[in-house]
Amino acid sequence: MTTETPTHVDPAGPPAVAVVDAQTPGNVGTIARGMKNFGFSDLLLVDPPELDPDGEAYGFAGHAREDVLPNATEITFDELVETYHTVGCTAVTNEDDRGHVRYPFTTPAALADRLSSVAAPTVVVFGREGVGLTNDELARMDEICAIPANPEYPVLNLGQAATITLYELQNLTLEETQLPDVERTRAPEPLLERCFDAWTGLLREINHPEPKRAKADRMFRRLVGRADPTEGEANTLLGILKRARDRPDRTDETN
């Protein structure tokens with residue numbers, strides 16, 4: 001861990017993450033791990049506990065023990081607010097525009113869109129266990145962020161709160177994740193039309209009441225339209241419909 005004040009911070013870079021006066025080394029390690037999970041690397045620590053390489057912080061950090069945690073920078077709170085656009089994370093936000101310490105505020109999901117347009121080095125700031133950031137500290141933040149939670153118990157563990165927030169901000173740091181492409185490619189329309197024709201043919205073969213066939217056709221078309229089937233799914237459906245249409249009365253095999 002270094003103690004040099006950041007002087008050359010890239011305003012176009014991803015947000016830094018700061019933890020103020022954490023009491024438990026394990027929470028610092030958990031936050032470092034969350035940073036590694038979601039593409040953050042710049043960890044700033046204000047009045048941190050001792051981070052023993054053989055202790056909880058490094059034990060909880062996972063692979064972040066190799067880079068994020070040992071490269072963390074110790075910084076004063078004054079240096080933090082003077083160097084960065086600060087986003088203070090807090091649980092309690094039940095105030096309105098008459099109380100300016102904790103207002104206005106945003107959610108982590110909305111913050112992701114907002115920070116993408118901030119042309120300044122940014123830091124997301126988390127407070128100590130139990131009491132979080134004090135009102136005096138929050139009063140010096142540029143904006144406030146809170147995780148929507150049960151109003152009867154909105155307070156999250158420090159490590160949990162940081163992990164949730166960083167997850168919501170990952171589009172600021174990651175161009176891709178380990179998940180496969182989630183975009184579905186809809187089957188070509190000619191193939192879907194063959195499915196619709198096969199359905200119509202099936203209705204005819206099973207002697208579905210003729211006055212009801214048009215309604216059944218519309219229902220099936222809407223159902224398939226909402227499903228956006230892939231080409232493979234549409235081919236499977238077409239095969240089943242054709243088999244059912246060609247053998248509607250073959251019951252001898254089950255007798």
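It is to be established whether one or more residues within region 174-183 are assigned by TED's automatic domain parsing to the domain that holds Asp47, surrounded by fewer than 20 Cβ atoms within 10 Å (Cβ to Cβ) and either in contact with a Pro (Cβ under 6 Å, 6 or more places away or on another chain) or β-branched (Val, Ile, Thr) (or both). No: region 174-183 contains no residue that is assigned by TED's automatic domain parsing to the domain that holds Asp47, surrounded by fewer than 20 Cβ atoms within 10 Å (Cβ to Cβ) and either in contact with a Pro (Cβ under 6 Å, 6 or more places away or on another chain) or β-branched (Val, Ile, Thr) (or both). Has region 29-45 got any residue that is at pLDDT 95 or above, touching a strand residue (DSSP E or B) at 6+ places or on another chain (Cβ under 7 Å) and either at positive phi or among the charged types (D, E, K, R) (or both)? So far as region 29-45 goes, yes, one or more of its residues are at pLDDT 95 or above, touching a strand residue (DSSP E or B) at 6+ places or on another chain (Cβ under 7 Å) and either at positive phi or among the charged types (D, E, K, R) (or both).
Within region 15-73, the residues that satisfy the criterion of being in a loop (DSSP other than H, G, I, E, B) and among the acidic types (Asp, Glu) are Asp21, Asp42, Asp47, Glu50, Asp52, Asp54, Asp67.
Is it the case that region 162-172 has a residue that's assigned to a helix (DSSP H, G or I) and under 11 Å from Cys89 (Cα atoms)? Write out each step before concluding.
Going residue by residue through region 162-172, those that are assigned to a helix (DSSP H, G or I) are 162-168, 170-172.
When the remaining residues are screened for being under 11 Å from Cys89 (Cα atoms), the result is 162, 165.
Checked region 162-172: at least one residue is assigned to a helix (DSSP H, G or I) and under 11 Å from Cys89 (Cα atoms).
When the residues of region 74-110 are narrowed to those that are within 18 Å of Ala149 (Cα to Cα) and modelled with pLDDT of 90 or more, which ends up surrounded by the fewest Cβ atoms within 10 Å (Cβ to Cβ)? Once the filter is applied, the top-ranked residue is Ala110.
The values are calculated or read from the model by the stated rules, or taken from the named source; none is laboratory data. Keep in mind that this is a model prediction, so the values were computed, not measured. Backbone-built Cβ (ideal geometry, glycine too); neighbour counts: all protein chains shown.
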